[in-house]
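Reading through the structure tokens given below for one structure.
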Amino acid sequence: MIALSLALTGACAAYLFWGLGPKWQFVLSLRAGKLAGMLLVGAAVAVATVLFQTVSRNRILTPQIMGFDALYILMQTALVASLGLSGFASLTAPVKFAVEVAIMIAASLALFSTLLGRAGQDVARLILTGVILGVLFRSAAGFLARLLDPNAFAVVQYASFASFARVNTDLLPIAALLTCAAICAALWVAPRLDVLALGRPIAVSLGLAHDRLMLLALSLVAVLVSVATALVGPIAFFGLIVAGLAHEAAGSGRHARLLPMAMLIAGIMLVGGQTLFERALGLQSTLAVVIEFVGGLFFLWLLLRGRIR
Amino acid sequence: MRPALALSLTLLPLSAASLLIGAADMNLASVGTDPQAALILTVSRLPRTLAVILTGAALGIAGVVMQQLVRNRFVEPGTTGTAESAALGLLAIALIAPAAPIWVKMMAASLAAMAGTALFLRLIRRLPAREVLLVPLVGIVLSTILGAMVTFIGWQTDLLQMIGIWLFTGEFSGVIAGRYELLWIAAAAAALAWFAADRFAILGLGEAAATGLGLNPDAVMRLGLVVVAVVTALVIVTVGMIPFIGLVVPNIVARGMGDNLRATLPVTAAGGAALVLACDIIGRLVRYPYEVPVGTVLGVVGSLLFLWLLYREPARG
Amino acid sequence: MIEVQGVSHQIGKMPILSDITLRLPMGKLTALIGPNGAGKSTLLSLTGRLMPLQAGQIRVDGSDIGTTDTRALAKQMAILSQSNPLGSRLRVRELVSFGRWPHHQGRPGPRDAAEVEQALHDMDLTPLADRFLDALSGGQRQRAFIAMTLAQGAEWLLLDEPLAALDMAHARGVMARLAGLRDAGRSIVVVLHDINHAAVWADHIVAMKAGRIAAEGPPSQVCTAEVLGTIYDMELRVMQVEGKPLVLHHL
């Protein structure tokens, strides 16, 4: 854990100070914003994935594979559509974002708690349902976007790709606030999550308020996915790599250790990867695509190994 | 033949509607006298309607063939990496030889689609046999990975706009006379499947059963691959990705009529055509005079139908 | 004492349990038997509050399971279901330690550790304590789950087919241990598939059929050719071996 913390600090320093030009003040503040965004997104995705895997008791799922991020994009579009451009556009970005997150929590709870409760037996069907729901939400969002503004090719485009170079810095303060709150809550209930991972019958027998904790965990996932999606766009497989590595590195299923571990690993991968691509290779926006590619291969490998639990 | 007849009858009014709806004013009665109206009809409306019908029919049949090859009901060319492979092939040819004639592009896309589908068939042989739903899942993930490759290359080479059209939202708004005729070849490939219908039906029983009946399963497999790849590649080259048709239409038809392909293929073709036509008309009307791409409409309608299929009964191969 | 009062349950429109009223004695080993689909597991799950009650009332030592805090109930009774797929990869000792959760809520003390070692010892698991669960045989796994239930230190143990994956020797071993726990003062309710385990080890048998109580009483009363024959709709013979009824149903 200490080694990982040092590695993360090193990566951050390298990202900030490598190749500062003469206009270093300007560059530094620009980079600091991006760095904060990446750290937030990394932590959010890491915690969201670990929580989701615990709730679904399945190690190959991420909230994004199950369509969480698509749901957020749909919510966002639907909100603009239903409130009209007049009222909604006049709100400031943070307020707008807070409203979106609140609606996202309600929608994802309604959908995913029933889905996880009902389809728990047939894992393959559960995953397939999630994937198709993702397609449905994304198409519906595209449909709505076209209705709002028929020439808005860009809206759909934006929702289809992620880029870590394009952190939405307007939202940083509120995103930081929400992420920190959600992560603190997750760490606070960490011992209870260990019991949750034993499955409902055992958890109930041990006196855990299982269903309430599951709803709490899903709400946290909804908040964290909203933050990550709003900041950089949809990233489906990144969390899978992070959670997989964290489980290996932590060596135990204890969430008090697993969650910080996952956050550190995510931070190192994002900041280190971005430093490498941006500074060493001169490629601005490709890290997300590369991570998705590698993560997709990893997921495929897991599936082919028959490890769907 | 009742369902086929009923579907053909619904195709007629849909086609008529498709001919009448459009941004430009046109009166069907005045086609004979008004040269402007005749021009709109022959250059835009008629080609578009034909393109939609050909696409829907060909994709429906490609879906059936794919499902027989894989022996799994939950696959179609759009969820097995076929479409993304075709896009990859197109991208490659656009980079290597931008000025290549259309038939070279078409060949490249078809070959790439074939390779991608063959890769998928290879992969799923390694899956545990009873996990029926893992097959479409592997296909979707493979599609995502291939799609990421296409996106990456497109990003580096500033061809993203072009790829976006191929990969994400198929639409017919760009169809005019002279720019859709490749689809006739796709329809011909699909018709080829009808002549080999019995072979595919037997292959669907399993390789052992096919060999026992004196059929060479590999040869049928190759024929199926060609049909699926050619149809998918041509549709992508001409109008872009149209999702779910190959999946939901064959499933609904099989539910009602079973799997005797010689009888069901025409119904599947008519059903595919009717569904795409209906969705295209919806896309044209809902925000008139602008258009919502048919790929987007089908993304919504198709995924809802798919979920319905997934939960209506216990999953079967 | 566990009191079940007028409990009915249905899934969709299918009645699973119809108006069950029942008292399970304290300090005894009670066996729930009956053909497949009789409602044994449902009754046990309802009692262990794994499923919400639809109609009726269940009280464990006077506490209504519908209104009592779930954490308090966890100290009164422990329930183990038939299959327990885990979400995490655990060692045997880690799993058993979770049995102490109701007492320490995540901050185990020395007394908890002692109880865990005792439970491991009672289930013969001490040599396996540091192995991962997925490296164990079905029988060893089952014993690990029972040990966790033991470590919970509750008055009542509710077990749903604990012998399901066990061979003869381990099955008898588990039943003997349950009898030992009963002798030490615990109250045990166990769903059993093998009627002879019930006949030999149980103090009290509840036989169910089609969602109702078909017979109830000590083994000598329930395990007769006549009673069992009606419950299972088959002909069978009952012999007396060493003063205990033995059901011959294979012939």
Next on the checklist: Can you say what percent of the DSSP beta bridges in the protein assembly as shown, counting only those with both residues inside, are antiparallel? Round to 5.
Outcome noted: 60 percent
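How large, in percent, is the carbon and sulfur part of the accessible surface of segment B:53-311 at a probe radius of 1.4 Å?
Values: 6250 of 9400 Å².
Accessible surface attributable to carbon and sulfur in segment B:53-311 totals 66 percent.
Just counting partner chain Cβ atoms within 10 Å, what average do the residues of peptide B:304-310 show around their Cβ? It would help to have the intermediate numbers written out before the result.
Working: counts 4, 0, 5, 6, 0, 0, 5.
Averaged over the peptide's residues, the number is 3.
With every protein chain present, what is the per residue accessible area of chain B (1.4 Å probe, Å²)? Intermediate results must be reported in sequence, preceding the final value.
Numbers: 12930 Å² over 317 residues.
Roughly 41 Å² per residue, with all protein chains present.
With 20 Å as the cut-off, how large is the P(r) tail for segment C:21-120, expressed as percent of Cα-Cα pairs?
Numbers: 2552 of 4950 pairs.
Above the 20 Å cut-off, segment C:21-120 has 52 percent of its Cα pairs.
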Checklist entry - So how do C:151-160, C:34-43 stack up, highest first, on mean other-Cβ count within 10 Å? => result C:151-160, C:34-43
Next on the checklist: Tell me the accessible surface of A:E248 in square angstrom (1.4 angstrom probe, heavy atoms of protein chains only), to the nearest ten.
Outcome noted: 150 Å²
Item to check | Proximal charge balance of C:D183 [Cβ under 12 Å; K/R count +1, D/E count -1] | outcome: +3
Item to check | Estimated distance in nm for a label pair at C:Q240 and A:L147, the labels positioned 7 Å out from Cα along Cα-to-Cβ | outcome: 8.1 nm
Checklist entry - Over chain C, what relative contact order in percent results from Cα pairs under 8 Å that are six or more residues apart? => result 25 percent
Checklist entry - Got the relative contact order for chain A handy, in percent, Cα pairs under 8 Å and 6 or more residues apart? => result 35 percent
Checklist entry - In deg cm²/dmol, rounded to 500, what helix-only [θ] at 222 nm does the protein assembly as shown give when every DSSP H run of at least 4 residues adds -39500 (n - 2.57) and the total is split over its residues? => result -20500 deg cm²/dmol
Checklist entry - Could the peptides C:77-83, C:8-14 be put in order, highest first, of the mean number of other beta-carbon atoms found within 10 Å of their residues? => result C:77-83, C:8-14
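Once a ≥ b ≥ c are taken as the square roots of the eigenvalues of the Cα gyration tensor of segment A:2-305, is the result rounded (a/c under 1.5), prolate (a/b larger than b/c) or oblate (a/b not larger than b/c)? List each step's numbers first, then the result.
Working: a/c = 1.60, a/b = 1.12, b/c = 1.43.
Oblate shape, in that a/c is at least 1.5 and b/c is the bigger or equal ratio.
How much of the accessible area of segment C:107-240, probe 1.4 Å, is carbon plus sulfur, in whole percent? The partial results should precede the final answer.
Numbers: 3180 of 6060 Å².
The C+S portion of the solvent-accessible surface of segment C:107-240 is 52 percent.
Taking beta carbons within 10 Å but only from partner chains, what does the mean come to for residues B:286-296?
Values: counts 3, 6, 0, 1, 5, 2, 7, 4, 0, 2, 10.
Mean number of neighbouring Cβ atoms from other chains: 4.
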Checklist entry - With no solvent and one point on each alpha carbon, what is the Debye value of log10 I(q)/I(0) for segment C:149-243 at q = 0.20, 0.22 Å⁻¹? => result -1.10, -1.27
Next on the checklist: At a probe of 1.4 Å, how much accessible area disappears from chains A and C on forming the pair, both sides counted, to the nearest 100 Å²?
Outcome noted: 1800 Å²
Item to check | More than 47 angstrom apart: percent of Cα pairs within the protein assembly as shown | outcome: 36 percent
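Checking a compactness column here: for segment B:53-311, what do you get for Rg(Cα) / (2.2 N^0.38 Å), N being the number of residues? Please report the intermediate quantities before stating the final value.
Working: Rg = 17.4 Å, N = 259, 2.2 N^0.38 = 18.2 Å.
Cα-based Rg divided by the globular estimate yields 0.96.
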Item to check | Pairwise burial B:A, computed as accessible area of each alone minus the pair, summed, 1.4 Å, Å² | outcome: 3800 Å²
Next on the checklist: Give the separation of the Cα centroids, segment B:29-99 to segment B:216-276, in Å.
Outcome noted: 12 Å
Checklist entry - What average number of partner chain Cβ atoms lie no more than 10 Å from the Cβ of the residues making up A:295-303? => result 5
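The values are calculated or read from the model by the stated rules, or taken from the named source; none is laboratory data. Since we're looking at a predicted model, the values are computed, not measured. In this analysis, Cβ positions are derived from the backbone assuming ideal geometry, glycine residues included, and neighbour counts consider all displayed protein chains. The accessibility values were calculated without ligands, DNA or RNA, using every heavy atom of the protein model including side chains. Shrake-Rupley method; radii C 1.70, N 1.55, O 1.52, S 1.80 Å.
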